[in-house]
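**Student:** Quick one: the structure is below, and I'll ask about it shortly.
Where a number appears in this text, it was derived from the coordinates with a stated rule and is not lab data. Because the structure is a prediction, the values reported are computed rather than measured. Every residue, glycine among them, receives a Cβ derived from its backbone with ideal geometry; neighbour counts consider all protein chains shown.
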Amino acid sequence: MRGILVLAAPVLFVLTSCSTPQAQVEDPHFEALVAACQAELDSIHAAGSFPGATVTLVLEDGREIQLAVGVTEEGGRPLTADDRMLVGSVGKTWVAALAHQLVEEGSFDYDDRVSEWFTGDDWYSRIPNAADVTIRQLLRHQSGFERYEFKMEFWQELMLDPDRVWKPEELLAFVLDDEPMFAAGEGWAYSDTNYILLGMIIERASGEPFYERVHDQINRPHDLNDTIPSDQRRLPGVVQGTVAIGQQLGVGPRTLEDGEFTYNVQFEWCGGGFASTSTDLARWAGLLYSERLLGVEGLDAMLDVVPAPELGPGRSYGLGVIVTDTRLGPLRGHDGFMPGYLTAMGYFPDLGVAAAIQVNTDDGRAVGMPLHEVMIRLVELTQ
């Protein structure tokens, strides 16, 4: 899910690290850079009204700047770089990466019909544009499907039974027999529904559960050890979220009670489906949106974008990537929303710098600027 941001406190915490910590500590220029970045984040926090944020920058030479500001909640402890938050739709980037790998393996092609994977499912014919939609159109949000995840009847059922474990078919049931928003491929509209179907195709093509394949193919070999599935109500290391926008969905004003989510975040699955740290997310952005993970051809396919005006000016959408035109050149990344949390991550290819930010509220107005603008301001200081 995507999103928008509440409350503030003047407490801050800063931590820095890199692959050679001793060398980093002894570099006064780097320490001055860290201090400048922290001061900029402090200034943004002081001007806003959000509880706190964590930020990580991964520089072209591999050194990392890890920052934190504010508190876990009103009256809470200072945030640290080790704190996890729900990543929302940033989780779609793992779905897209697995889809690209399966294309490379020959399991399917981007322009295959989605219907080929659901010939034995009677319900599939009730999906809008069922016969015409392709895998590429799912990845690029060009299916014409409505968003099951913002239908009030879904949230009513979700909140009535907080322990319910949702199957993908149960989520898709909320869009069956809907009129398509447009003919397949002839428009653009963001919808988690696309990525629920993608997750089912990935599992059928690979013969593995989605989370297991992510762990085996991506997170474990690339040491993304602080990224975990958001597949239950109690998630280790996830801090409290302050809910503003999400109250319209019946959540809040806080996400956790006695360390447990007030609803089962498991439902999000391939529409998001992870909790992580800003450090893991920045590392992931640099891996995914350079050529290191997918190679030249895979990255070129991912960057086949179409205009996405719903996301704001100067933004387009590819196969699991938001491309934003910025004063630092293109930013390849993704945003995420879940009640109580906002996330943005990305990679600046002209600079070789990756960045990620997580905020423990869901009201973007409280930050005073889009999260990608916060990243831009901090990355500018490194140049």
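**Student:** When S230, S49, S125 are ordered from fewest to most other Cβ atoms inside 10 Å of their Cβ, what list results?
**Tutor:** S125, S49, S230
**Student:** Using only the alpha carbon atoms of the stretch 93-208, find the Kirkwood hydrodynamic radius as the inverse mean reciprocal pair distance, in angstroms to one decimal. Working shown, then result.
**Tutor:** Numbers: mean 1/r = 0.0685 Å⁻¹.
Taking every pair of different Cα atoms in the stretch 93-208, averaging 1/r and inverting gives 14.6 Å.
**Student:** Give the Debye-formula value of log10 I(q)/I(0) at each listed q (0.08 Å⁻¹), with one equal scatterer per alpha carbon of the chain, two decimals each.
**Tutor:** -0.38
**Student:** If each DSSP helix of 4+ residues adds -39,500 (n - 2.57) and the sum is divided by the residues in the chain, what number results at 222 nm, nearest 500 deg cm²/dmol?
**Tutor:** Working: 11 runs with 107 residues, N = 383.
Helix-only estimate at 222 nm: -8000 deg cm²/dmol.
**Student:** PRE reach from M152 (point 7 Å along Cα→Cβ): which of the stretch 255-273 fall under 17 Å by backbone N?
**Tutor:** none
**Student:** Just to check I understand the Karplus step: with θ = phi - 60° and J = 6.51 cos²θ - 1.76 cosθ + 1.60, what whole-Hz values come out for the stretch 42-52, glycine and proline as x?
**Tutor:** Calculated HN-Hα couplings, in order: 4, 5, 5, 5, 5, 7, x, 9, 10, x, x Hz.
**Student:** Would you mind counting up the charge near T279? Only other residues with Cβ under 12 Å from its Cβ, with Lys and Arg at +1 and Asp and Glu at -1. List each step's numbers first, then the result.
**Tutor:** Details: positive: R84, R283; negative: E64, D82, D83, D223, D226, D280.
Overall, the nearby charge balance is -4.
**Student:** Treat the count of other C-beta atoms within 10 Å as a stand-in for reagent exposure and order S89, S316, S206 from fewest to most.
**Tutor:** Values: S89 25, S316 20, S206 17.
The order, fewest Cβ neighbours first, is S206, S316, S89.
**Student:** While we're on this one: Taking θ = phi - 60°, what integer Hz values does the Karplus form 6.51 cos²θ - 1.76 cosθ + 1.60 yield along the stretch 282-292, in sequence order, with x for Gly and Pro?
**Tutor:** Once rounded to whole Hz, the list reads 5, 4, 5, 4, x, 6, 6, 9, 9, 9, 5.
**Student:** Treat each spin label as a single point 7 Å out from the Cα along the C-beta direction, and report the D325 to E170 distance in nm.
**Tutor:** The two pseudo-label positions are separated by 4.5 nm.
**Student:** Oh, and also: Which whole-number percent gives the relative contact order of the stretch 93-208, counting Cα pairs below 8 Å spaced six or more residues apart? All intermediate terms of the calculation are to be shown ahead of the outcome.
**Tutor:** Values: 150 pairs, mean separation 40.8, N = 116.
Worked out over the stretch 93-208, it gives 35 percent.
**Student:** Excluding R213 itself, what net charge comes from residues whose Cβ is under 13 Å from its Cβ, given Lys and Arg +1 and Asp and Glu -1? Before the final figure, lay out each step's value.
**Tutor:** On the way: positive: R204, R220; negative: E105, E203, E208, E212, D216.
Combined, the nearby Lys, Arg, Asp and Glu give -3.
**Student:** For each of R164, R327, R234, count neighbouring Cβ atoms within 10 Å of the residue's Cβ, then give the residues from fewest to most.
**Tutor:** With the sparsest Cβ surroundings first, the list reads R327, R234, R164.
**Student:** From a point 7 Å beyond the Cα of Y190 in the direction of its Cβ, which residues of the stretch 320-349 have a backbone N at a distance under 14 Å?
**Tutor:** 320-324, 333-339, 341-345
**Student:** In the neighborhood of A47, defined by Cβ-to-Cβ distances under 13 Å, what is the net charge if each Lys or Arg adds +1 and each Asp or Glu adds -1?
**Tutor:** On the way: positive: R365, R377; negative: E40, D42, E373.
Taking every Cβ under 13 Å from that of A47, the sum is -1.
**Student:** I need the peptides 262-273, 277-288 ranked by packing, meaning the mean over residues of other C-beta atoms within 10 angstrom, with the highest value on top.
**Tutor:** Numbers: 262-273: 23.9, 277-288: 26.3.
Output ranking for 262-273, 277-288: 277-288, 262-273.
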